[in-house]
Amino acid sequence: MKYFKLLLIILIIVPAAAFAAPKDVLNGKEFTSEKYPSILIGFKNGGVYGYALVNTYMGTYEIKDNNKIKFSYMSYTKMEGTREQNDGEYEYFSYLRKAKTYSYDSKTGVLIIDKMKFKQRK
């Protein structure tokens, strides 16, 4: 009977742990873009927010197993900038929509979303 109880506990706990959501290592952190230093991206409780080249933005993100990430479409203000700024923002938002993977190094504070590199703000 003792072994039966132990087996029952293992059968309940192990599958629950196997299907637990991956740890969100980005939560509560903010980063700036290496390519466009004025771009800020922040993560908080499943929400993503920031400042692009001209506009502020917000949306949601989801962390999945094996360093997979998925962003929602972003809501953003509609301020008009220079053609270069507008093109840069369009490129950035398009990039986030297509992003599939990320890596984060807590020692260096470097976040890479697909191939776009960000540095953690202090």
Residue identified as closer than 20 Å to residue 121 by Cβ and in contact (Cβ under 8 Å) with a residue 12 or more places away in the chain among 47, 81: 47
State whether the residues of region 48-57 include one that is at pLDDT 95 or above, more than 14 Å from the chain's Cα centre (by Cα) and open to solvent by 80 Å² or more (accessible area, probe 1.4 Å). yes
Yes or no: region 99-122 includes at least one residue that is outside any loop (DSSP other than H, G, I, E, B), within 11 Å of the chain's Cα centre (by Cα) and over 17 Å from residue 29 (Cα atoms). yes
Residue selected from region 71-86 under the condition farther than 19 Å from residue 58 by Cα and not hydroxyl-bearing (Ser, Thr, Tyr), by the criterion nearest to the chain's Cα centre (by Cα): 84
Quick one: would you say residue 60 is within 19 Å of residue 90 (Cβ to Cβ) and at pLDDT 95 or above? no
Listed by first then second residue, the pairs whose first member lies in region 96-122 and is acidic (Asp, Glu), whose partner is open to solvent by 80 Å² or more (accessible area, probe 1.4 Å), with beta carbons under 9 Å and at least 6 positions apart or on separate chains, are 114/98; 114/100
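The values are calculated or read from the model by the stated rules, or taken from the named source; none is laboratory data. Given the structure is predicted, the values throughout are model-derived calculations rather than measurements. Cβ: placed from backbone, ideal geometry, glycine included. Neighbour counts: every protein chain shown. Only protein heavy atoms, including side chains, enter the accessible area calculation; ligands, DNA and RNA are left aside. Shrake-Rupley method; radii C 1.70, N 1.55, O 1.52, S 1.80 Å.
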